[in-house]
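Here is the structure we will look at.
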């Protein structure tokens, strides 16, 4: 479905326009810079709502170009060539389906909230918000593009702003955290780049005049019919490198998730990053890893995915248990939340590994829920850190009496993270487990993973007890409860968490067609590659 | 060679003639109007523009000049050569502007005549290097470039480092050109000819093989490897880059490297080619395994350059090692032995010229203000010199190869060429090298931005001329990063060597 109005381009590049305006303003107009940023991100939320309103729930997308929505497609790079290497054609190709819509909504929402939460930034305001808006464009771009080359550009585009945002506005060890983040993610992206080039040389697209050219079109890469006979990543080439490429690609995405053992950058980055950046990091950035796997790895390499399902599930399980155990041992509030993120992203991987409707839907839903819940958790840490300049869990106690409203919001977020029925986290975790139990191969992993829920309840409740219950320390008796700005951050997130907890269909219906399309694609591929003699 | 051939051939060396006239003009003006040395840069620029027009003519040529008795001549005029000459002219124009703003060069105002004469001497040498198809001419032109650059490296004579740079350069250069001459003499002794095209037809016969032949080729490579600072012939690079005036450092890193690469590519392709298949892969004569040799050298060069750069604290030294690393990437483009690799090299050079000159330009502007090239002294510059810091950030990010800068496109084409030739393992090594390089490039930015100045430093402005120059270097990096069609088309149309 082509769109007559380029709404996806608009929602993607709106922040860039905002960035230019911000850069053009004089240094002294800090408040105006902040207002513009909040306005621009707010406009993004409006655009996301318009997209949601006009979204056709019946269309699946995934590998079928005709059922993508809001498509924009035109030639961007067109190099006519000689016979060798042929022509290079790169499309500016945007479009969304049920996988990307939740992510687009999430990105718009989280960026808006993060912009509000950045209001108390006071050093180099212009620079901060310009980078913030650039980051916004990079993230949104990743979720709406359907051309691998463009995908990669957006993917890399957000590295630099993130590096500077952590490195300049971060905590005491910010230099270390920033460079660690950058090196890890760049290492991941060079693997993605290599696989991208490999796929480019293995797939053909037929032009209108009948000639065949290599292509970066993701949808073409998903159709085994487009692969050349002797491309290095072609399934028809007996000596193909698909298995190695899959591992490389997976590592590239896994670093972003972050999957054990590539997760070590995350606690450092989170602890040092300013609150709003932590919110974006946990709320949106981590989702890019799992989104990439669902968008790229699964449909383009279904054969290898089937072979490695158990391992994906295994690493999901390790993430769940390991993250939870690490969270339990933390004395720093923010680090605890960071490790709980590792644990919760494990659920996404477990859901993906089950490869059935329930599991995939659970995974995508969990991506969205983790985005909202963890964003809220980091905001909660930010609120208390702003007031006390400490994050030590043992430094607090009895805040419930001093800050009752704050405690109320915190409780909702904590229970959502634990997976209490009635809140959104519960639904997605149930779906993930239902899915995982549905696949014999990973049932054992699922059973062990349930331990993660118990551990999760353990560290969350223990934190609640240490920080909010008990006697109030003398020095905290002057703490004020939430102000207007903080209400503005917490209320929308809480509303969404509760709404999706009692009415999950709102989100599940949105992704349903696409999840089914994905499951169908994977099972068709199993038959197809099975008939080619590949053993699963 | 009769007079007819000679006069006919003159039209193929118009650019070289133009450069020679400029040299004479500069010397004359300098001698007659001693006081009007400020004219010299403008004469140089005008000369370069006229030369550029003649070079552009060569994009349509594909001929051999100064042929004797119907065989191939000493020189060629072809699009490939024209491309590299354009790169040299571009670098020269920028260097002239560079010199106008550099304090180092302004301080030796008395000797501006020599300065520009020597630069044009280098240009002449490089032009001949780029189009030479005869070992004798190759050697002579290489010497012309070297001799001019030895003097230029020590030109300001102001510090010990300056003289050290010059002396080191002379010693290393002398040895390596001697080695090269030895290689050439062996080849001549075996075949009786020095013409590359004739050598090619000689080598088609199976009688050439064995250790001596192999040795001769390696010796010649050593001479060229010295110019492009490929490991293990790179030892002069850091010291000379650090000691030489920054304008010359920048010039050496682009122009003489470009000429060296043009020479190397021509030497290998013309002398050892057997056939080119439809998909553009070169089949070389099996006399010597250039592919493995080049892969080995390039991996060694890039790894060594990148890892050594990690420990540097001086900007010029850091960029010296970075330029060694980039020589490694470029050699990889040649090691692919395909037209695709050649396209990648051309794109890489075009982009590299902008980003490397840009980086040096900013370093010079900063050095003009703070009088230091130490990375430590860059602390907090992001706040006092926002424009310069932003520019160098873009240049360094482009050197790393991160989108959306043109450096990414250059690397992308290189990796496309590698994957196309099925050299996956090599591609992985090169990519990991890129990740390593991020660390030292970003270290500079870290110093500029992550450390806030103790007290509010006054914002330092940039002169309008310097600003314009900066934009000329900066905008292509950003534009070609997102729309690279013209760049690639230009490179694609320039890969034709004479005879192919």
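The values are calculated or read from the model by the stated rules, or taken from the named source; none is laboratory data. Keep in mind that what you see is a predicted model, and the values were worked out from it rather than measured. Glycine also receives a Cβ, built like all others from the backbone with ideal geometry; neighbour counts cover every protein chain displayed.
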(request) Would you check which residues across segment A:174-206 are within 30 Å of residue A:385 (Cβ to Cβ), facing chain B (nearest Cβ under 9 Å) and surrounded by 19 or more Cβ atoms within 10 Å (Cβ to Cβ) and list them? (result) A:174, A:178, A:179, A:182, A:186
(request) Mind listing just one residue for me: the one in segment B:66-81 that is out of contact with any strand residue (DSSP E or B) (no Cβ under 6 Å at 6 or more places or on another chain) and crowded, with 24+ Cβ neighbours inside 10 Å and, of those, nearest to residue B:29 (Cα to Cα)? (result) B:81
(request) Report whether or not residue A:252 is touching a helix residue (DSSP H, G or I) at 6+ places or on another chain (Cβ under 7 Å), within 12 Å of chain B (Cβ to nearest Cβ), at pLDDT 90 or above and buried (at least 24 other Cβ atoms within 10 Å of the Cβ). (result) yes
(message) Against the definition (more than 8 Å from chain A (Cβ to nearest Cβ), over 20 Å from residue B:321 (Cα atoms) and touching a helix residue (DSSP H, G or I) at 6+ places or on another chain (Cβ under 6 Å)), how does residue B:480 come out, yes or no?
(response) yes
(request) Among the candidates B:353, B:427, single out the residue that is at the interface with another protein chain (Cβ under 8 Å from one of its Cβ atoms), within 20 Å of residue B:331 (Cβ to Cβ), in a helix (DSSP H, G or I) and out of contact with any strand residue (DSSP E or B) (no Cβ under 9 Å at 6 or more places or on another chain). (result) B:427
(message) With out of contact with any strand residue (DSSP E or B) (no Cβ under 8 Å at 6 or more places or on another chain), within 22 Å of residue B:409 (Cα to Cα) and modelled with pLDDT under 90 as the only criterion, which of A:198, A:210, A:188, A:171 stands out?
(response) A:198
(request) Return only the number of the condition from (1) surrounded by 18 or more Cβ atoms within 10 Å (Cβ to Cβ); (2) closer than 30 Å to residue A:218 by Cβ; (3) touching a helix residue (DSSP H, G or I) at 6+ places or on another chain (Cβ under 7 Å) that residue A:37 does not satisfy. (result) (2)
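Rundown of residues vs (1) assigned to a helix (DSSP H, G or I); (2) free of Cβ contacts under 8 Å to residues at least 24 places away in the same chain; (3) over 22 Å from residue B:141 (Cα atoms), yes/no style:
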{"site": "B:72", "(1), (2), (3)": "no, no, no"}
{"site": "B:80", "(1), (2), (3)": "yes, no, no"}
{"site": "B:83", "(1), (2), (3)": "yes, no, no"}
{"site": "B:90", "(1), (2), (3)": "yes, no, no"}
{"site": "B:95", "(1), (2), (3)": "yes, no, no"}
{"site": "B:100", "(1), (2), (3)": "yes, no, yes"}
(request) Mind telling me which of the residues B:406, B:417 ends up being at the interface with chain A (Cβ under 10 Å from one of its Cβ atoms), in contact (Cβ under 8 Å) with a residue 60 or more places away in the chain and crowded, with 23+ Cβ neighbours inside 10 Å? (result) B:417
(message) Among the residues of segment B:430-476, what is the count of those that are within 21 Å of residue A:176 (Cβ to Cβ), assigned to a helix (DSSP H, G or I) and either within 9 Å of chain A (Cβ to nearest Cβ) or modelled with pLDDT of 90 or more (or both)?
(response) 13
(request) Among the numbered conditions (1) more than 20 Å from the chain's Cα centre (by Cα); (2) within 30 Å of residue A:240 (Cβ to Cβ); (3) in contact (Cβ under 8 Å) with a residue 24 or more places away in the chain, tell me where residue B:428 comes up short. (result) (3)
(message) Here is a list: A:85, A:90. Which entry is within 14 Å of chain B (Cβ to nearest Cβ), more than 30 Å from residue A:31 (Cα to Cα), outside any helix (DSSP H, G or I) and modelled with pLDDT of 85 or more?
(response) A:90
(request) Scan segment A:162-173 and give yes if some residue there is part of a loop (DSSP other than H, G, I, E, B), at negative phi and more than 14 Å from every other protein chain (Cβ to nearest Cβ), otherwise no. (result) no
(request) Among what's in segment A:214-231 and is within 14 Å of another protein chain (Cβ to nearest Cβ) and farther than 20 Å from residue A:95 by Cα, pick the residue that is farthest from the chain's Cα centre (by Cα). (result) A:230
(request) Write out, first by first residue and then by second, each pair whose Cβ atoms fall under 8 Å of each other, whose residues are 6+ apart or on separate chains, and whose first residue, in segment A:359-375, is over 13 Å from residue A:101 (Cα atoms) while the second is modelled with pLDDT of 95 or more. (result) none
(message) I'd like the residue in segment B:106-160 that is outside any helix (DSSP H, G or I) and in contact with a strand residue (DSSP E or B) (Cβ under 9 Å, 6 or more places away or on another chain) and, out of all such residues, is farthest from residue B:83 (Cα to Cα).
(response) B:134
